[in-house]
Amino acid sequence: MDRRKASLLLLSLVLMVAVVVSGREFAEQLLTQIRPEQRYISRSLWEREGDVYTTVAIYDTPAGKTSSTFKLTLEDGVISDIDVGIFTKVAAALRLQTDFRETVSSVIVGKKLTEIGKVDRVSGASLTTGAFNEAIARLQEQLDS
């Protein structure tokens, strides 16, 4: 058996044990940790109303597609506020996205949009952070054009 098949077999076994021992929520958390790649689906434009910019990010998770809204307030190019809307009903994803929403402002508020770059994983929410990074890159492109 080649290494890839052996790795997939081991991964499958670990996931089955996780489901049996701790239930689906633990398996979803485990999948999030072992499958960090992500496909960002939405490339929607940010809508502007005064100093407030809003977009919807749709992205893949182990439990299926999910979405978040990101609403930024920019004052002279500096982020003064952020609001994150959450739409998932999957318990593990809801907890991670809620932690992201509660923590992301401490990471970006007070910084210039042009200085943010890629935000590191926020509160363990790697998929939401990835979607946020893609959305921020899109906003920067949109403002530059």
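Derivation of every value follows stated rules applied to the coordinates shown; laboratory data play no part. Predicted model, so just to flag it, every value in this text is computed and none were measured. Neighbour counts are summed over all protein chains in view; Cβ atoms, including those assigned to glycine, are modelled from backbone coordinates with ideal geometry.
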So for R0 = 35 Å, FRET eff. of K65-Q140 from the Cβ-Cβ r, to 0.05, ends up at 0.90
Per its Cα gyration tensor (rounded if a/c is under 1.5, else prolate when a/b beats b/c, else oblate), the stretch 99-145 is best filed as oblate
By Cβ neighbour count within 10 Å, fewest first, R138, R4 rank R4, R138
Distance in nm between F87 and E102 label points, each 7 Å along Cα→Cβ, equals 2.4 nm
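If we count every other residue with Cβ under 12 angstrom of Q140's Cβ, Lys/Arg +1 and Asp/Glu -1, where does the sum land?
-1
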If the chain between E47 and R95 were fully extended at 0.36 nm per residue, the gain over the current Cα-Cα distance would be 14.6 nm
In the neighbourhood of E115 defined by beta carbon distances under 15 Å, the net charge of the other residues (Lys, Arg +1; Asp, Glu -1) is -1
